[in-house]
């Protein structure tokens, strides 16, 4: 089978044969039951074993890259893992972390954060990300399994992080219910203690039968964020910063043309999927379970070397090439995400997705129009 990094011609979009991000699932369980959640096993209380964590660390060490690997503890809800067990999972990575070859990140709903978790995050140098969708009713889709609001518990956890001196970033899912509340969201996140930045994820189609956000609504949302930025808002917004960085690079000839990150994602039992964490636990009659292998049985580098034999990988690379050939947004967008193609269209070969239109194209158009005196619709 052909290696993943060479299944297209030279200088054509492809997927890298090494990884700089490794997503790991310490538990499949989540204590929340968000309306838009795609996770199929979020009620199952299964824990990653230490041998799986050791195999992940070994795979990271063997690839020999000089670039540090971000080990992203995702889920489920990572802090639903017993703390002592979580520390056991961290132990195999410790020599790599101390050598600067690994850095830990965690994405949490913050409802279970306590002083012990803050101590762990500080001791191991974690970068913390908090998932919260806004104040009060704007967080209405993030419920627990009893259907109760979680915003109070999340804010309590956030305050614990701030009091411990731990900075964090936020991921906010913007839904059809909240897309017209840009000002409320900016004000809320600006006032959150310790919040360093916020990334706005327009709600994606990932299994839940919900009405998608329209491109027009997304355009208005992004344009209002640009207006707030240009009139003095101090809130750092990931999406605007990325666009600004791209424009700076474009002016200096430094646009990123590195291969697409393979994003290996390791389940609690060692199974590995590529390209999109959202594919973990999904089974499809045409694509199967998307599993490239098990990290306990073979290193991730071996899976990447053989990934050209996986149908969904080759289809995705074909789509990347199509994007590069035909889409004027490609240099900024870099071809979007594999999961969006699959969940929206049931295939990886489609060129344009709703995610492209609302999260990349609408952002660029809104920014250009806002910064141009005779720009588009208000």
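Here are the numbers for this structure:
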{"item": "Tally, over segment 151-173, of residues that are part of a loop (DSSP other than H, G, I, E, B) and closer than 16 Å to residue 107 by Cα", "result": "2"}
{"item": "Any hit, segment 263-276, residues being touching a helix residue (DSSP H, G or I) at 6+ places or on another chain (Cβ under 8 Å), in a loop (DSSP other than H, G, I, E, B), in contact (Cβ under 8 Å) with a residue 40 or more places away in the chain and farther than 30 Å from residue 45 by Cβ", "result": "no"}
{"item": "Some residue of segment 174-187 being touching a residue at least 60 places away in the same chain (Cβ under 8 Å) and not in a strand (DSSP E or B)", "result": "yes"}
{"item": "Flag if residue 111 is touching a helix residue (DSSP H, G or I) at 6+ places or on another chain (Cβ under 9 Å), within 30 Å of residue 148 (Cβ to Cβ), at pLDDT 95 or above and not in a helix (DSSP H, G or I)", "result": "yes"}
{"item": "When residues of segment 329-345 are limited to those that are out of contact with any strand residue (DSSP E or B) (no Cβ under 8 Å at 6 or more places or on another chain) and either at pLDDT 95 or above or not in a helix (DSSP H, G or I) (or both), the one surrounded by the fewest Cβ atoms within 10 Å (Cβ to Cβ)", "result": "329"}
{"item": "Which listed residue is assigned to a strand (DSSP E or B) and surrounded by 20 or more Cβ atoms within 10 Å (Cβ to Cβ), from 307, 319, 292", "result": "292"}
{"item": "Residue satisfying condition, being over 26 Å from residue 179 (Cβ atoms), part of a strand (DSSP E or B) and in contact with a strand residue (DSSP E or B) (Cβ under 8 Å, 6 or more places away or on another chain), within set 85, 104", "result": "104"}
{"item": "Residue list for segment 193-204, filter: over 20 Å from residue 354 (Cβ atoms) and in contact with a helix residue (DSSP H, G or I) (Cβ under 6 Å, 6 or more places away or on another chain)", "result": "193, 194, 195, 197, 198"}
{"item": "Any hit, segment 124-132, residues being more than 26 Å from residue 17 (Cβ to Cβ), at pLDDT 95 or above and surrounded by fewer than 16 Cβ atoms within 10 Å (Cβ to Cβ)", "result": "yes"}
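The values are calculated or read from the model by the stated rules, or taken from the named source; none is laboratory data. Computed from a predicted structure; not experimentally measured. Backbone-built Cβ (ideal geometry, glycine too); neighbour counts: all protein chains shown.
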